[in-house]
């Protein structure tokens, strides 16, 4: 979730209970699911993420905020496990470098190099809307290609709001998910 108020204060926020139902434990008095980030700890003392005091569990949550020299500010983020940094890089580059509107930046075809929930595949997953020449060129370079559907949620659910120095807000939401962008 990204929010920009009338004063230009910006917040990017991502919450997660980890996996579809967190720990699978629901607090009876509130109905809130417990999170499950602790499952990434290891009880093996030789592990890089062994369970011990003051350690934090591995996570991929990375809500983002960009402040530009021209006075614009941008809050953006995505869910999507290992694909989050890749999607955020795509959204940032498409808006900051190529000047795309946030909706266009989010809607364009995306990729994910690496694994997704429950899979061990490190293939290059591409939405099928990529130019077929790009797909074949990447395969020729040795990438194991896995084609996804046109707007596949495997590559995450992104959102973005840009506040112009004038106070005008421009936003985009991901057609790969249920969501929206609103301003008033």
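No value in this document is a laboratory result; all are computed from the given coordinates. Predicted, not measured: the structure shown is a model, and the values here were computed from it. Backbone-built Cβ (ideal geometry, glycine too); neighbour counts: all protein chains shown.
Cut-off is 10 Å between beta-carbons; in what order do 110, 163, 72 appear when sorted fewest neighbours first?
72, 163, 110
How far apart, in nanometres, would the label points at residue 17 and residue 97 be if each is projected 7 angstrom from Cα along the Cα-to-Cβ direction?
The answer from the label model is 3.8 nm.
With an 8 Å cut-off on Cα pairs and a minimum separation of 6 or more residues, tell me the relative contact order of the chain in percent.
About 20 percent, as a whole number.
When a footprinting reagent is the concern and you count Cβ atoms within 10 Å, what order do 18, 98 take, fewest first?
98, 18
I need to check one value: relative contact order of the range 87-142, counting alpha carbon pairs closer than 8 Å and at least 6 residues apart, in percent.
24
Starting from the Cα-Cα distance between residue 7 and residue 113, subtract it from 0.36 nm times their residue separation and give me the gain in nm to one decimal.
Length gained between residue 7 and residue 113: 34.3 nm.
What is the spin-label model distance, in nm, from residue 26 to residue 140 if the labels are put 7 Å beyond Cα along the C-beta direction?
The two pseudo-label positions are separated by 5.4 nm.
For 78, 60, 95, 154, which order do you get if you count the other beta carbons within 10 Å of each Cβ and list the fewest first?
So the ranking, lowest neighbour count to highest, is 60, 154, 95, 78.
Once each part is reduced to its C-alpha centroid, what is the distance from the range 1-76 to the range 156-184 in angstrom?
So the separation of the two Cα centres works out to 20 Å.
Compare 31, 156, 114 in a GNM of the chain, Cα atoms joined below 10 Å, and give the one with the largest fluctuation.
With Cα springs under 10 Å in the chain, the top fluctuation among 31, 156, 114 is at 31.
For semi-axes √(5λ) of the Cα gyration tensor in Å, several values are listed as [x] 34, 17, 14; [y] 29, 26, 16; [z] 40, 16, 15; flag the one computed from this structure.
Computed from these coordinates, semi-axes √(5λ) of the Cα gyration tensor in Å corresponds to label [y].
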